[in-house]
Amino acid sequence: MGKYHELAEQIVKHVGGKENVSGLVHCITRLRFTLKDESRAEDDVLKNMEGVVTVMKSGGQYQVVIGNHVAEVFDDVMPLLDLGETGPAEEPKKGKLLDRAIDVVSGIFQPILGIMAACGMLKGLNTLFVTLGLYSATCGGYLIINAAGDALFTFLPLFLGYTAAKKFNLKPMLGLAVGAAMCYPGIQSSALSAAGAPLYSLLEGTMFSSPVYIDFFGIPVISVDYTGTVIPVILAVWFASKCEKLFNRFIPDLVKFFFVPMLTLLVTLPVAVIFLGPVATFGSTLISEFTLTIRSFSPLLAGGIVGLTWQILVIFGMHWGFIPVYINNVMTLGYDNVMMPFFACTFATSAVVLAIFFKTKDRKLKEMAIPNFISGIFGVTEPAIYGILLPLKKPFIISCIAGGIGGAFYGHFNFRKFILGGMGVFELPNMMNPDGTMGNILVAFAGIGISMAVAFVLTMILYKDKETVLAAGGAEADTGIAAGKAAGSAEHAGVKDSAVQATGSNAVSSEPKTVASPLKGAVIPLSEVKDEAFSSGVLGLGAAVMPAEGVLYAPADGVISAFFPTGHAVGMTTDSGLELLIHVGMDTVQLEGKGFRPLVKTGDRVRQGQKLLEFDKEMIEKAGYSLVTPVLVANYVLFQEVSATDKTQVESGEQLLTVR
């Protein structure tokens, strides 16, 4: 139950109940309902509800304007609706290949982060209590607690099968079935090897040499232990989603209910175990062989590479390629010094999360940081990686750098582990040299100190909370929403077209600031814009322009604080402290980016007059959308007055707004 659960319940109730909702999506500011009967929605109740800015009706959608936390409200509304197993299909994200890959991985792991952190803490605490002598590792209590903590990691493909199915728009129960099949005991490599000798081997004489214990109607199957793996099941579910889509097109409706899932499973599992699983395993083998080659050249360099890349390998589940090397070394040599540099990453990750806890002002991040820090110290870093570091990007890079420095230290000093088992701090007893000397354990502690210090200091210096100015089908900045709600209906009733008095303790300066017109065209008073979220002033104050050409320019020097993926709306923080919102057209979010070509991206510094966006004016108008473009000062409450030019026509670059 999220923190907006009560608000979500009230919204669902007053849009006519869950039975009146046939669809729900959201943009950055609005919940966009598709209602069966809009007359059942109680507009006035919703508009006056705490937590709701206003209500709009456009494009066949019933829009409840929420603000910058709309995604969190959406997450609390969705469970209250009956929209089928998958809900509305998620729009594919556009952008760089790496960004899309990170989005897919994060989206698949996000739903299980909480339980992941909980299981990691259970495993760590269980080991701690055994180490302290509170109970033994053979007692029933230890076994039951360990089962609770270890089950998710052992049967990870089941959980990922479900979440990956939702990400790839496959029926979640079908994804769960794929994950369960890949965990089936009878096809695991360990079970097959214990049952007897292989039939023959493939790729003998190469690093990919693989024994074959079974075949699929004559096709050899390279056996893999899939329990605990990541990439094979994600690839399998992605493939299953394509199969399901194909079969849905050709199977008659009369038998789709059982024939589509049957055929999807029948095709997916053989492809997964014959091709997808082995390919992922071969990728892991390549990485481990590369590391061994580097180590023979320079232990310091090899340790640095392991430490630098370990978190990246964890993301894709390819760190499993090191496990055979690790086990073989301990069993044959009595120690492992190849895999051990990764030990630095556990503590580097934990230190980054701890620094974020002290640095951030985001309450949600703070709530996540401490459990993830504890989980990381206990050796389970996935919750921190997927929940905090990867979405924020820069902290993830910092953790890799700190892990690389710690790994290089471990490589140089031949850091070893002598006994299998343990995680995080509970691995330390297994790093004591059997001959009784303390040198290796001292290296372990020194590496922990170096990794954590580097990670903590770099994060404190380099990490900054994102300043978010949001823009969408109705766009707003956080300050604009706060100002609109605080001002109340009485103050907004006094707003005259394009000027407002906001005197009082919030006003910060009377020195005039100017905003140039980002467009060439006709100036329109804000009150005449046919969208209440804009015309009421609740999202900010300023003016609108009807563009004469399809080019949007920067209205001042500053930083692009938000550029909506569909390109229709942009937020900007100027060097003079203004938070500007520019929304090209009314309800143009529904074009899903068609006709818009952004020329800059979020985080870019721009100069006044620089091209920000090109848009196809004729195509957008032909599609039936108004191109009236509000240009708003979202943080107007911090100033005394926002006034618009008296001109009825402006050139791009001419003064449009004055802020005092």
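The values are calculated or read from the model by the stated rules, or taken from the named source; none is laboratory data. This structure is a prediction, so every number in the text was calculated from the model and none was measured. Every residue, glycine among them, receives a Cβ derived from its backbone with ideal geometry; neighbour counts consider all protein chains shown. Ligands, DNA and RNA are excluded from the accessible area calculation, which covers all protein heavy atoms including side chains. Shrake-Rupley method; radii C 1.70, N 1.55, O 1.52, S 1.80 Å.
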Q: List the residues whose amide H sits under 5 Å from the amide H of Gln649, counting only those 5 or more places along or on another chain, with H placed 1.01 Å from N in the peptide plane.
A: Val523
Q. Heavy-atom accessible area of Thr346 with all protein chains present, probe 1.4 Å, nearest 10 Å²?
A. 10 Å²
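At R0 = 41 Å, how high is the FRET efficiency between Val559 and Ile419 if r is their beta carbon distance? Nearest 0.05 is fine.
Between Val559 and Ile419 the formula returns 0.20.
What do you get when you divide the Cα radius of gyration of the stretch 514-660 by 2.2 N^0.38 Å, with N the number of residues?
It is 0.93.
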Q.
Suppose we look only past 19 Å in the calculated P(r) of the stretch 121-222. What percent of the Cα-Cα pairs does that tail hold?
A. 64 percent
Q: Name the long-range amide H neighbours of Ser561: under 5 Å, sequence gap of 5 or more, or other chain; modelled H, no Pro or chain starts.
A: Gly571, Met572, Thr573, Gly603
Q. For the stretch 124-283, what relative contact order do you get, as a whole percent, if you take Cα pairs closer than 8 Å and at least 6 residues apart?
A. 22 percent
Q.
Placing unit charges on C-beta atoms (Lys and Arg positive, Asp and Glu negative, everything else neutral), compute the dipole magnitude of the stretch 557-660 about its Cα centre in debye, rounded to 20.
A. 200 debye
Q.
So, R0 is 41 Å and r is the distance between the beta-carbons of Lys57 and Lys364; what FRET efficiency does that work out to, to 0.05?
A. 0.85
**Q.** Cα-projected label distance for Lys647 with Met438, points at 7 Å along beta-carbon direction, nm
**A.** 7.9 nm
Q.
Taking the square root of 5 times each eigenvalue of the Cα gyration tensor, what semi-axes in Å does the equivalent ellipsoid of the stretch 222-285 have, largest first?
A. 28, 10, 9
Q) R0 = 35 Å: FRET efficiency of Asn169 with Leu266, Cβ-based, nearest 0.05? A) 0.95
Q) If you roll a 1.4 Å probe over the stretch 1-58 with all protein chains in place, what percent of the accessible area is carbon or sulfur? A) 46 percent
Q. Under a 1.4 Å probe, what is the accessible area of the stretch 1-44 per residue, stated in Å²?
A. 50 Å²
Q: May I ask you to work out the translational diffusion coefficient for the stretch 336-403 at 25 °C, viscosity 0.890 mPa s, via Stokes-Einstein with Rh from the Kirkwood sum over Cα pairs, reported in whole µm²/s?
A: 208 µm²/s
Q: Please arrange Lys611, Lys3 by accessible surface area, largest first, computed with a 1.4 Å probe and ligands excluded.
A: Lys3, Lys611
Q. Going by accessible area, probe 1.4 Å, with all protein chains left in place, what is the ranking of Arg660, Arg607, largest first?
A. Arg607, Arg660
Q | Accessible area of Trp238 in the full protein assembly, 1.4 Å probe (Å², nearest 10) | A | 110 Å²
Q | Mean separation of Cα contacts under 8 Å, 6 or more apart, over the residue count of the stretch 207-289: relative contact order % | A | 39 percent
Q.
Give me the 1.4 Å probe accessible area per residue for the stretch 568-639, excluding ligands and nucleic acids, in Å².
A. 39 Å²
Q) What accessible area per residue comes out for the stretch 233-298, rounded to a whole number of Å², with a 1.4 Å probe? A) 56 Å²
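In nm, what is the difference between 0.36 nm times the number of residues separating Leu462 and Lys36 and their Cα-Cα distance?
Result: 148.4 nm gained on full extension.
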Q | Cross-link pairs Lys13/Lys167; Lys57/Lys601; Lys364/Lys394 - those with Cα-Cα distance over 22 Å | A | Lys13/Lys167; Lys57/Lys601
**Q.** Potential extension, Leu428-Gln655 segment - 0.36 nm per residue separation minus Cα distance
**A.** 75.1 nm
Q. Under a no-solvent Debye model with one identical scatterer per Cα of the stretch 531-580, what's log10 I(q)/I(0) at q = 0.22, 0.25, 0.27 Å⁻¹?
A. -1.07, -1.24, -1.27
Q) Could you work out Rg/(2.2 N^0.38 Å) for the stretch 118-166, with Rg from alpha carbons only? A) 1.38
**Q.** Whole-percent carbon and sulfur share, accessible surface of the stretch 565-631, 1.4 Å
**A.** 48 percent
Q.
What distance in nm separates the two pseudo spin-label positions at Lys47 and Phe297, each 7 Å out from Cα along the beta-carbon direction?
A. 7.0 nm
